[in-house]
Amino acid sequence: QVQLVESGGGLVQPGGSVRLSCAASKSLGGIYVMGWYRQAPGKQRELVAVITSDGTTNYADSVKGRFTISRENAKNTVYLQMNSLKPEDTAVYYCKTANARVEYWGQGTQVTVSS
């Protein structure tokens with residue numbers, strides 16, 4: 001079992017920045033991914049950004065150039081740096097880690113972009 005704890009959400013003005021953190025209780029080991037998803041009210045959960053165990057990253061088109069995913073292996077932690085935030089980025093952001101057999105989700109952290 002792996003526990004994921006997200007932090008860093010909150011209220012931010014349009015154009016502002018925020019960094020989310022997700023700390024895993026342990027690494028899945030081997031080939032795995034860690035990533036961020038988001039779910040806005042009335043919408044389906046969608047991928048924001050993922051990073052694989054070899055460092056490959058992938059982003060949703062809507063956040064390319066504005067968001068950066070990174071990780072700190074020694075702390076089993078993944079980060080999402082979000083810049084130039086827009087109101088449409090408002091959502092609950094969830095952290096996920098997965099390999100070919102299992103996946104685990106965090107509890108989510110709210111990000112609200114509003115003036």
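The values are calculated or read from the model by the stated rules, or taken from the named source; none is laboratory data. Because the structure is predicted, anything quoted here is derived from the model rather than measured. All Cβ positions, even for glycine, are placed from backbone atoms using ideal geometry, and neighbour counts span all protein chains on display. Just so you know, the surface numbers come from the protein's heavy atoms only, side chains and all, with ligands and any DNA or RNA stripped out. Shrake-Rupley method; radii C 1.70, N 1.55, O 1.52, S 1.80 Å.
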Q. Could you give the radius of gyration (one decimal) and Dmax (whole number) of the Cα atoms in the chain, in Å?
A. 13.4, 43
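How high is the relative contact order of the chain, given as a whole-number percent (alpha carbon pairs under 8 Å, six or more residues apart)? Before the final figure, lay out each step's value.
Working: 281 pairs, mean separation 42.4, N = 115.
Relative contact order here is 37 percent.
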Q.
To make sure I understand the rule: partners must be aspartates and glutamates, Cα under 14 Å from the Cα of residue 75, and not fewer than 8 residues away in the same chain. Which ones qualify?
A. 6
Q) For residue 105 and residue 43 in the same chain, what is the full-extension length gain: residue separation times 0.36 nm, less their Cα-Cα distance, in nm? A) 20.5 nm
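Give the accessible surface of segment 34-114 per residue, rounded to a whole number of Å², with probe radius 1.4 Å and ligands, DNA and RNA excluded.
The answer is 51 Å² per residue.
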(Q) Between residue 114 and residue 11, what is the label-point separation in nm under the 7 Å Cα-to-beta-carbon projection? (A) 0.7
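Expressed in nm to one decimal, what extension gain is obtained for the pair residue 23 and residue 70 from 0.36 nm per residue of sequence separation less their Cα-Cα distance?
On the way: separation 47, 0.36 × 47 = 16.92 nm, distance 1.23 nm.
Answer, rounded to one decimal: 15.7 nm.
With a 1.4 Å probe and every protein chain kept in, tell me what percent of the accessible surface of the chain is carbon plus sulfur.
Values: 2920 of 6110 Å².
C and S fraction of accessible area: 48 percent.
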